[in-house]
Amino acid sequence: MRAVNKNYKSIWLDKSDPGIVRAINQKRLPFFFEICEFRTVDDIFNAIKEMTIRGAPVIGAAGAFGIYLATLEMTSTTNPYKHLENAARYLISCRPTAVNLAWAVDHVMKKLEKNIPVQSLTAIALKAALEICEDEEESCRKIGINGLKIIEKISRKKNKKPVNILTHCNAGWLACIDYGTVTAPVYLAHEKGIQVHVWVDETRPLNQGARLTAWELGQAGVPYTLITDNAGGHLMQHGMVDIVMVGSDRTVRNGDVANKIGTYLKALAAFENNIPFYSVFPSSTLDPDISDGLSGIPVEERDPEEVTTVTGLAGGKMESVRICPENSVAVNYAFDVTPVKYITGFITEKGIYKAEEKEITKMFADKLK
């Protein structure tokens, strides 16, 4: 996608130095556009943990690159397979909710079976990581094509008046290497001349909507309006939202969806106001091993300081300020789970599926073999 007048992906291998993985620093946006470099497993771990890299598909790609970098850290005295197994466990531990991370790391590790010569491990790991990036990018492109059909249908129904889309957090190309999930059909609709307008939730506590989604849409020239997290219900009550589209960090066997905290409340409001609510994600986000999201999906708890402070631009620098009394007790649940009964359907690279058991079984067909 286009950013600061140049085409970028959110993560990539440095062509001039294959020992370096580069990524856009999401913590610095929208105030500063900076590129980070990662040379070690620790670099990748910290980038994911601290959300320099964030978004389910791209942290999966980062984890895959982490295994590749782990192969570069091996020495003549290293037990290579033990070293890689330790690196895999370490990387997977840094963020528990998004299944893409564990899926991608496990995918690369399966390619590195113990009967493979040690000297071949690096090339195989790199090939696997690059394939994951390519596959995720292609999945998002297809998601855009499939989701566009829904936007086109709403546009026709409204006699080509703007289609008002409400989203939450950032499910854009920053989170997905390229195109994005929720944003992919929005970008395609905009390119086709279909009038679209996006209501962007600020998405407290780290404001990924206000900082990242708003920045992305602005770079692409897509009309948007920033709103407080709690304004969505009001807009729906007054007929100002045509469709709600959110991402997913993990979608389980019964169709429950884990996404950024606050998603569940949007789903309730959409259900109450008879507004279609779609979760948009690639197949890598499916988890067939969990049958009930509420009881089975691990919900990450992050540093309470993310709740008690807010970061913004002041005097040309990014500054954090406290927004509550010094001794306030806070809790920071990073995700919530939306039960399948509140979801209209799923938009994936394979097509559009209703939130029904037989349709969900179709979605999981490849992973259930």
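Here are a few things to note about the model shown:
- For Lys161, the aspartates and glutamates whose Cα comes closer than 17 Å to its Cα, not counting residues fewer than 8 places off in the same chain, are Glu152, Glu191, Asp242.
- Pairs of Cα atoms farther than 25 Å apart, the chain, %: 53 percent
- Using the average count of surrounding beta-carbon atoms within 10 Å as a protection proxy, the listed peptides 13-20, 195-202, 243-250 rank, highest first, as 243-250, 195-202, 13-20.
- Taking amide H atoms as placed 1.01 Å from N in the peptide plane, the amide H of Leu226 lies under 5 Å from those of Val200, each 5 or more residues away in sequence or on another chain.
- Residue of Thr122, Thr203, Thr75 that the Gaussian network model of the chain assigns the largest fluctuation, springs spanning Cα pairs under 10 Å: Thr75
- Förster radius 41 Å - calculated FRET efficiency between Cys324 and Leu130, Cβ distance, rounded to 0.05: 0.35
- Debye intensity ratio I(q)/I(0), log10, the stretch 181-296, q values 0.10, 0.19, 0.22 Å⁻¹ (C-alpha model): -0.32, -1.11, -1.36
- Degrees between helix 263-272 axis and first principal axis of the chain (Cα, 0 to 90, nearest 10): 30 degrees
- As a rough footprinting exposure proxy, the listed residues Tyr278, Tyr90 were ranked by other beta carbons within 10 Å of their own, and the order from fewest upward is Tyr90, Tyr278.
- For the stretch 143-363, the percent of C-alpha pairs falling in each 5 Å distance bin, counted from 0 to the bin holding the largest distance, reads 1, 7, 15, 19, 20, 16, 11, 6, 3, 1, 0, 0.
- In the chain, the longest principal axis of the Cα atoms and the axis of helix 99-111 are about 30 degrees apart.
- Only Lys, Arg (+1) and Asp, Glu (-1) charged, at Cβ; the chain dipole about Cα centre in debye: 1080 debye
- GluC sites (Glu not before Pro) within the stretch 325-369, DSSP loop, no more than 13 other Cβ atoms inside 10 Å: Glu326, Glu356
- Computed E for Glu85/Gln119 - FRET, C-beta separation, R0 25 angstrom, nearest 0.05: 0.85
- Counting Lys and Arg as +1 and Asp and Glu as -1 over every other residue whose Cβ lies under 14 Å from the Cβ of Arg250, the net charge comes to -3.
- Distance between the stretch 55-96 and the stretch 276-339 - C-alpha centres, whole angstrom: 24 Å
- Counting beta carbons within 10 Å around each of Ser139, Ser291 and listing the fewest first gives the order Ser291, Ser139.
- Rg(Cα) / (2.2 N^0.38 Å) computed for the stretch 2-135, rounded to two decimals: 1.02
- Which of Met318, Met363 has the fewest Cβ neighbours within 10 Å, and the rest in rising order: Met318, Met363
- With a cut-off of 11 Å between beta carbons, the residues surrounding Pro185 carry a summed charge of +2, where Lys and Arg count +1 and Asp and Glu -1.
- Two-site label geometry, His234 and Lys153: point separation in nm, points 7 Å out along Cα→Cβ: 3.1 nm
- Residues Glu73 and Lys6, FRET efficiency given R0 of 35 Å [Cβ-Cβ distance, rounded to 0.05]: 0.65
- Rounded tilt (10° steps) of 56-72 against the dominant C-alpha axis of the chain: 10 degrees
- Distance violations [Cα-Cα > 21 Å] among Lys49/Lys82; Lys142/Lys192; Lys266/Lys341; Lys111/Lys367: Lys49/Lys82
Throughout, read-outs are computed from the coordinates displayed, never taken from laboratory work. Keep in mind that this is a model prediction, so the values were computed, not measured. Counting neighbours? That spans all protein chains shown, and the Cβs are built from the backbone with ideal geometry, glycine included.
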